[in-house]
Amino acid sequence: MQKQVPCWEEWHDALSDPFLGNVEAIRFVYSVMYIVEVWDDLIDKDKEVPGNFINISHRMMLYDLPRNKFYMQYIDQLNPLIMNAILAWHDANAMEKTGDFHDKELAYGLRNQILNLINYCAYLIGGMDHAISVGPRLRRICTETLDEYVHDKGD
């Protein structure tokens, strides 16, 4: 099962309730997820990336994100989480290539570090109790299974 570039309607529907209707936060997460999916597909070359997907992701990076009110309000808290997810993604890419099954299991978890950003957005929107109550649901809607991941990587 190959990952898909996120669809706005699906993300809006999935995040409206846990994000308490905060459309700017939903747009922020949608943009980040779109960008990381295109970036990942360009690097691992597991599927062809249409030019318009690349154009949209670059517009999101250079224009949409810097103008997003939620992102700008919390940039000092969100950027370290984004960088941590980027570093984890690089580690995952390196570990996938070793051929070791345990490394692949670890890589799967590292690839999903971006989900911490989504859960943290719920925290910023509704506080600790809210983030704890919606966290498992947020992680479930955003993750391929370990079996799907390992199968996609050729094992």
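The values are calculated or read from the model by the stated rules, or taken from the named source; none is laboratory data. Note that this is a predicted model, so its numbers are computed, not measured. Reconstructed Cβ throughout: ideal geometry from the backbone, glycine too, with neighbour counts over all protein chains shown.
Numbers at a glance
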read-out	value
The stretch 91-136, residues that are of a type in the set (Val, Ile, Thr) and either closer than 18 Å to Val38 by Cα or part of a helix (DSSP H, G or I) (or both)	Ile114, Ile118, Ile125, Ile132, Val134
Qualifying residue in the stretch 21-41 (condition: of a type outside the set (A, V, I, L, M), closer than 23 Å to Tyr149 by Cβ and touching a residue at least 40 places away in the same chain (Cβ under 8 Å))	yes
Where Ser57 falls short, out of the listed (1) on the phi > 0 side of the Ramachandran plot; (2) in contact with a Phe, Trp or Tyr (Cβ under 8 Å, 6 or more places away or on another chain)	(1)
Options Leu110, Leu124; residue that is within 22 Å of Asn68 (Cα to Cα) and surrounded by 14 or more Cβ atoms within 10 Å (Cβ to Cβ)	Leu124
Any pair with Cβ under 9 angstrom, 6 or more apart, that starts in the stretch 49-69 at a residue that is within 11 Å of Tyr34 (Cα to Cα) and ends at one that is surrounded by 12 or more Cβ atoms within 10 Å (Cβ to Cβ) and among the polar types (S, T, N, Q)	Ser57/Ser31; Met60/Ser31; Met61/Ser31
Single condition Arg140 does not satisfy, out of (1) loosely packed, with under 14 Cβ neighbours inside 10 Å; (2) under 18 Å from Ala25 (Cα atoms)	(2)
Single residue of Ile118, Ile43 found to be of a type outside the set (D, E, K, R) and either within 24 Å of Pro18 (Cα to Cα) or surrounded by 12 or more Cβ atoms within 10 Å (Cβ to Cβ) (or both)	Ile118
Search result, residues across the stretch 76-104 that are basic (Lys, Arg) and surrounded by fewer than 17 Cβ atoms within 10 Å (Cβ to Cβ)	Lys97
Residue in the stretch 71-85 that is in contact with a His (Cβ under 8 Å, 6 or more places away or on another chain) and closer than 29 Å to Ile132 by Cα present	no
Selection status of Glu9, within 26 Å of Arg137 (Cβ to Cβ), exposed (fewer than 12 other Cβ atoms within 10 Å of the Cβ) and without any contact (Cβ under 8 Å) to a residue 60 or more places away in the chain	yes
Failed item, numbered, when Asp64 is tested on (1) closer than 25 Å to Val150 by Cα; (2) of a type in the set (D, E, K, R); (3) surrounded by 13 or more Cβ atoms within 10 Å (Cβ to Cβ)	(1)
Residue ranges of helices (runs of 4 or more DSSP H) in the stretch 1-90 with at least 1 members charged (D, E, K, R), modelled with pLDDT of 95 or more and over 21 Å from Gly126 (Cβ atoms)	51-59
Candidates Phe53, Phe70 - the one that is touching a helix residue (DSSP H, G or I) at 6+ places or on another chain (Cβ under 6 Å), of a type in the set (A, V, I, L, M, F, W, C) and farther than 22 Å from Glu144 by Cβ	Phe70
